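The values are calculated or read from the model by the stated rules, or taken from the named source; none is laboratory data. Predicted model, so just to flag it, every value in this text is computed and none were measured. Note that each Cβ is placed from the backbone with ideal geometry, even for glycine, and that neighbours are counted across all protein chains shown. Heavy atoms of the whole protein, side chains included, go into the accessibility calculation; ligands, DNA and RNA do not. Shrake-Rupley method; radii C 1.70, N 1.55, O 1.52, S 1.80 Å.
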Amino acid sequence: MAIHQKVRQIQLVGRKIRELRKEHKLTQVELSQRLGIQQSDLSRMEQGEYRVSLDTLFRILAEFQMSIGEFFDELAQESITPRDVRLVQQFNALPNDAQREVEDFIAFKRSMHRKDDRADSDADSEEESK
Amino acid sequence: MIGEETVEGIPAAFEELRVRGAQAIEAGRLEEAERYFEEAFVWAEQHGESNLLDLALCNRAAAAIDLGRGERELPRLREILMRGADPVNCRIAAYNIARYYELNKSFKKALFYGQIARDRSEHLGRRDWLASSHNLIGNLLLAESFFEKACAEFEQALALSPEDAVVRRALIKDNLGYCYTVQGRYEEGFRLLFESYRSLRRLGAIRYSVLPRVALCFAYLEVGRPARALRCGREALDTIETTGGSEMMKNLLYLLGEAANLNGDLELARNYFSRLQREFYPDAGYLPDFLLAIDVRKLINLKA
């Protein structure tokens, strides 16, 4: 499973749970009974309106454990946007030394971002200790 | 449960024990509170005062419920409520039953009893009890992801809560601050969470001060500041490792993993997610990989 890359497709999870439930030929009532939650709550969760505890979320995942691989792959595919593809193509088209320069520039930008975050943290520390 | 308050017109010796118990609860010293309430219970038993016996039982139950030992108290609380002999005891019994169901995550049942507690408080004209009832109902609505309704309850609770009930107000602010954050009202959320944290820290209410710390960790993640979230979360983790609290520990290990992940430190993220899996979900070996890959923040309710 290509799981070390970050997949940030949040809303898809609720939709995916609905799809998996249907693939397993379970009604909302049946699945909610297995999970120990109310049908109305499961319905709201599938629609992205209901947040659950970690326990409930992991119970849902355990219910569909056989499908976790598929779950990852689909989400990973859906997380790649046309912009991502274009950027990768443009990067790959560059000569090796130019690619290294781009990588160095990204590393520089990331370090600047961290510095900004640290500066903000110091300001927050002052705020907290008021 | 915080600040289940004093009741007028009862013997001084009995009341003193109850007040000490209430103060211990306010400071988060639940075992000590339970001992005081147990002494009050024995006092009432010796003096054959049935109303006071019920009252002491209700108070002892409040501490026991928060300590996770509420099961045995439930039948007696129901009996007091059904008997309806004393409106004060009925209110406290309803409130405690609601708290029991809340802690056992039966939120709909809890809401039923919470509404009884609120109505009784209104009938008794007790502003402070009304405030704690609104806070309780807010908690339940929050757990059920009715964020707007929960905010309205917390706002009422804050408006009714006495200024000198600092811990209680701080806990309401923690709830409301989290609620605002979930709704994207970050500025208001941060302000309340900081206020809550500062108040609790000043009072030395260490056990409770972790709550706004965890919520702040979440809030920093939501505004895209994972490094700050990490720092905040680590401080909370240090405290929880001393005071205990498995629910909070779960949420915190998840948030720390997410913060490390968003901060680009995948190894640290994996460490936190692996610890979460090892300590709380030993049969779910896939969890670290899943959490590294999927951002479930929008699915998770820290107060559910």
Across the alpha-carbon set of the stretch B:205-304, Rg over Rh with Rh taken as the Kirkwood radius works out to 0.94
Order the following by accessible area, largest value first: B:31, A:46. Probe radius 1.4 Å; ligands, DNA and RNA are ignored.
-> B:31, A:46
Would you calculate the separation in nanometres between label points at residue B:103 and residue B:19, each defined as 7 Å from the Cα along the Cα-to-beta-carbon direction?
-> 2.6 nm
Top to bottom by accessible area (1.4 Å), largest first, where do A:111, B:132, B:274 land?
-> A:111, B:274, B:132
Quick one: compute the contact order of the stretch B:1-124, relative version, from alpha carbon pairs under 8 angstrom and 6+ residues apart, as a percent.
-> 19 percent
Using the charge dipole of the protein assembly as shown (Lys, Arg: +1 at Cβ; Asp, Glu: -1 at Cβ; taken about the Cα centre), state which of B:130, B:248, B:205 has its Cα farthest towards the positive end.
-> B:248
Helices from chain B with mean Kyte-Doolittle at least 0.5 and a Cα length along the axis of 18 Å or more, per DSSP H: which?
-> B:50-66, B:206-222
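Can you give the Kirkwood hydrodynamic radius for the stretch B:108-147, in Å, rounded to one decimal and based on Cα pairs? Let's see the in-between values first.
Details: mean 1/r = 0.1000 Å⁻¹.
In the stretch B:108-147 this quantity evaluates to 10.0 Å.
How crowded by other chains is B:108-121, given as the mean number of beta carbons from other chains within 10 Å of each beta carbon?
Average neighbour count from other chains, rounded to a whole number: 0.
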Please report how far the C-alpha centroid of the stretch B:16-32 lies from that of the stretch B:255-304, rounded to the nearest whole angstrom.
-> 37 Å
What average number of partner chain Cβ atoms lie no more than 10 Å from the Cβ of the residues making up A:55-63?
-> 5
Hey, can you grab everything whose amide H is under 5 Å from the amide H of residue B:294? Only 5+ residues off in sequence or another chain; H modelled, so Pro and N-termini drop out.
-> A:7
Exposure of residue B:248 as accessible area (Å², to 10), given a probe of 1.4 Å and all protein chains = 40 Å²
Can you give the relative contact order of the stretch B:160-265 as a percent, counting alpha carbon pairs under 8 Å and 6+ residues apart?
-> 21 percent
Compute, for residue B:201, the solvent-accessible surface of its heavy atoms (probe 1.4 Å) with the complete set of protein chains present, and express it in square angstrom to the nearest 10.
-> 100 Å²
Kindly state, to the nearest 0.05, the FRET efficiency for residue B:279 paired with residue A:33, given R0 = 30 Å and r defined as their beta-carbon distance.
-> 0.60
In debye, nearest 20: dipole of chain B around its Cα centre with unit charges on the Cβ of K, R (+) and D, E (-)?
-> 660 debye
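Rank B:187, B:73, B:49, A:101 by accessible area, highest first, at a 1.4 Å probe radius?
B:187, A:101, B:49, B:73
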Residue A:111/residue B:241 FRET efficiency (R0 30 Å; Cβ-Cβ; nearest 0.05) = 0.45
With residue A:53 itself left out, Lys, Arg at +1 and Asp, Glu at -1 over residues whose Cβ is under 11 Å from its Cβ give +3
Quick one: putting +1 on the C-beta of Lys and Arg, -1 on the C-beta of Asp and Glu, what dipole do you get for the protein assembly as shown around its Cα centre, in Debye to the nearest 20?
-> 660 debye
Over chain B, what is the relative contact order in whole percent, taking alpha-carbon pairs under 8 Å and six or more residues apart?
-> 10 percent
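Counting only Cα atoms, I'd like the Rg/Rh figure for the protein assembly as shown, Kirkwood definition for Rh.
On the way: Rg = 24.4 Å, Rh = 23.6 Å.
Taking Rh as the inverse mean 1/r over Cα pairs, Rg/Rh reads 1.03.
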Which value in nm describes the separation of the simple spin-label points at residue B:152 and residue B:51, placed 7 Å from the Cα toward the beta carbon?
-> 3.6 nm
Dimensions of the stretch B:1-124 along principal axes (Cα, Å, largest first)?
-> 38, 30, 24
Label residue B:79 and residue A:62 with points 7 Å out from Cα along Cα→Cβ: what is the distance between them in nm?
-> 3.6 nm
